[in-house]
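K.L.:
My structure is below; once you've seen it, I'll send some questions.
The values are calculated or read from the model by the stated rules, or taken from the named source; none is laboratory data. Computed from a predicted structure; not experimentally measured. With ideal geometry, Cβ positions are generated from the backbone for all residues, glycine too; neighbour counts draw on all protein chains shown. Please note that ligands, DNA and RNA were not included when accessible areas were found on the heavy atoms of the full protein model with its side chains. Shrake-Rupley method; radii C 1.70, N 1.55, O 1.52, S 1.80 Å.
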Amino acid sequence: QVQFVESGGGLVQPGGSLRLSCAASGSSFSSFGVGWYHLAPGKEHDLVAGITSGSIPRYTYPVRGRFTISRDNAKNTVYLQMNSLQPEDTGVYYCNYYARSIVPWGQGTQVTVSS
């Protein structure tokens, strides 16, 4: 079973930027899509961006134009470049499969947007 490990979160002021990284275990990384999910306090995991095995990105409306998802198959890693961050982007970010059944969540990485 693939395991996902997230990193790169932190505290940033509104309008700032962060780049999150998602490292996946296993040798079949290039064969599946990966998504980034946002868990805000009191809510459920919401997909914010996904990238297919063919590197086609998909974004949900709230992050379109601000976030960029990309992948490096040689490093088994997916990135989420987050620009123009807003307080509502605060939460824990997780990566997991995109467009297929979710596996157990990793530890996530905390993003806090505050002045």
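K.L.:
Once both labels are modelled 7 Å past Cα along the beta-carbon direction, what's the GLN86-TRP105 spacing in nm?
P.N.:
In this crude label model, GLN86 to TRP105 measures out at 2.2 nm.
K.L.:
Kindly write out, for segment 33-50 in residue order, the coupling ³J(HN,Hα) from the Karplus curve 6.51 cos²θ - 1.76 cosθ + 1.60 (θ = phi - 60°), rounded to whole Hz, with x marking Gly and Pro.
P.N.:
Values, residue by residue: x, 10, x, 9, 10, 10, 10, 8, x, x, 10, 9, 4, 10, 5, 10, 7, x Hz.
K.L.:
When the chain is modelled as a GNM with alpha-carbon springs shorter than 10 Å, which of THR90, THR60, THR52 fluctuates the most?
P.N.:
THR60
K.L.:
Same structure again: Report, in debye and to the nearest 20, how large the dipole of segment 1-91 comes out about its Cα centre when Lys and Arg carry +1 and Asp and Glu carry -1 on their Cβ.
P.N.:
240 debye
K.L.:
Now for a different question. Could you state the accessible area per residue of the chain in Å², with a 1.4 Å probe and every protein chain left in place?
P.N.:
Working: 5950 Å² over 115 residues.
Result: 52 Å² of accessible area for each residue.
K.L.:
Taking loop as defined by DSSP and a crowding limit of 10 other beta carbons within 10 Å, which trypsin sites (Lys or Arg not before Pro) in segment 23-90 fit? Let's see the in-between values first.
P.N.:
Numbers: sites: LYS43, ARG58, ARG64, ARG66, ARG71, LYS75; in loops: LYS43, ARG64, ARG66.
Taking segment 23-90 and a limit of 10 other Cβ atoms within 10 Å, the loop trypsin sites (Lys or Arg not before Pro) found are LYS43.
K.L.:
Would you work out what percent of the accessible area of the chain, with all protein chains in place, is carbon or sulfur (probe 1.4 Å)?
P.N.:
49 percent
K.L.:
Might you work out the accessible area of LEU85 for me, using a 1.4 Å probe with all protein chains in place, and round it to the nearest 10 Å²?
P.N.:
0 Å²
K.L.:
Further question: Determine, at each q value in 0.15 (inverse angstroms), the log₁₀ of I(q)/I(0) that the Debye formula gives when each Cα of the chain is one equal point scatterer.
P.N.:
-0.57
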